[in-house]
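Here the structure is laid out as structure tokens; the discussion comes afterwards.
A short reminder: the numbers here are calculations on the coordinates, not readings from a lab. Note that this is a predicted model, so its numbers are computed, not measured. Backbone-built Cβ (ideal geometry, glycine too); neighbour counts: all protein chains shown.
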Amino acid sequence: MGDIHVVIVEDDYRIGNIHEEFLNKADGFKVVGKALNGQEALQLVTENEHVDLLLLDIYMPDFLGTEVMAEIRKINLSIDIIIISAATEKNIIEDAIRFGAFDYIIKPVKMKRFIETLERYKNMRMSLKSEQDIDQHLLDRFFGHSNQGETVQAALTPKGIDPLTLKKIEDIIYKTAEGITAEEMGSLVGASRTTARRYLEYLISEGTLVAELEYGAVGRPERKYFAAKRTDRGTGALS
């Protein structure tokens, strides 16, 4: 997946430059245009079909940001929008939500909050593009319902077991009927074989997984992991 193409819409060029500096600190993003007003923003969106994300101010010389959002939705429904503005009026915020703002950040912007929003956006975008079937867990994360559950899960998991990594490993296991080795799992989640095995063995202790030794043509037997509730190959019984 290539870089996420971003247009910054901010009538104060100095603030726009700061937002660009912040954005350059996040991996996977590329500024492809900057606009000082609503008309320039609409022109950029119209002329560049590869814009993925707008960082949009509300107060501009010609239009409100929410008015720009309304026009953009007529041009391109697939562009995502993050509002960055000092506007706190209830009606403006309600309009921004109705027009599909991914997030709303009130100025002055702190870099940590800015980067967190970009990373959350990137992760959600990647998840939606990579998944063939969307499940409730992904939707809960997207719509902000998972924080409390993840906090509880974090409190229940032992030291060295990250709940998000654990969930990713569980998702892979349930989609891999033929089983998976620790080395294969490590490659899929971007972790070492040792780290992946620690998570897999933890899931065995929780009763979520089972493991079997499989003998190849050469070399020592390999430990493969399967979802615990599966049909045992050969007997048809549940393991």
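Couple of notes before you dig in:
- The length gained on full extension between L128 and K110, counted as 0.36 nm times the residue separation minus their Cα-Cα distance, comes to 3.7 nm.
- Surrounding net charge for A86, when Lys and Arg each add one and Asp and Glu each subtract one, Cβ distance under 11 Å: -2
- Residues of type lysines that K129 reaches as a straight line, Cα spacing below 28 Å, ignoring anything fewer than 8 places off in the same chain: K25, K30, K34, K74, K112, K167, K168, K175
- Under a 5 Å amide H cut-off, with hydrogens placed 1.01 Å from N, L209 pairs with I204, A228 among residues at least 5 apart or on other chains.
- A crude spin-label estimate for the pair E94 and Y174, with each label 7 Å from Cα along the Cβ direction, gives 3.8 nm.
- Global form of the stretch 4-130, assessed from the alpha-carbon gyration tensor, a/c cut-off 1.5: rounded
- Relative contact order for the stretch 4-130, counting Cα pairs under 8 Å that sit 6 or more residues apart, in percent: 23 percent
- Each listed q (0.15 Å⁻¹) maps to a log10 I(q)/I(0) for the stretch 62-101 from the Debye sum over equal C-alpha point scatterers, namely -0.31.
- Computed over neighbours whose Cβ is under 12 Å from that of L36, the net charge equals -4, Lys and Arg +1, Asp and Glu -1.
- The HN-Hα couplings worked out from phi for the stretch 34-46 by the Karplus form 6.51 cos²θ - 1.76 cosθ + 1.60 (θ = phi - 60°) are 9, 10, 9, 7, x, 5, 4, 4, 5, 5, 4, 5, 5 Hz, whole numbers, x standing for Gly and Pro.
- Here the extension length gained between Q136 and D12 equals 40.6 nm, from 0.36 nm per residue of separation less the Cα-Cα distance.
- Total formal charge among the other residues, if their Cβ is under 10 angstrom from that of Y121, Lys/Arg +1 and Asp/Glu -1: -2
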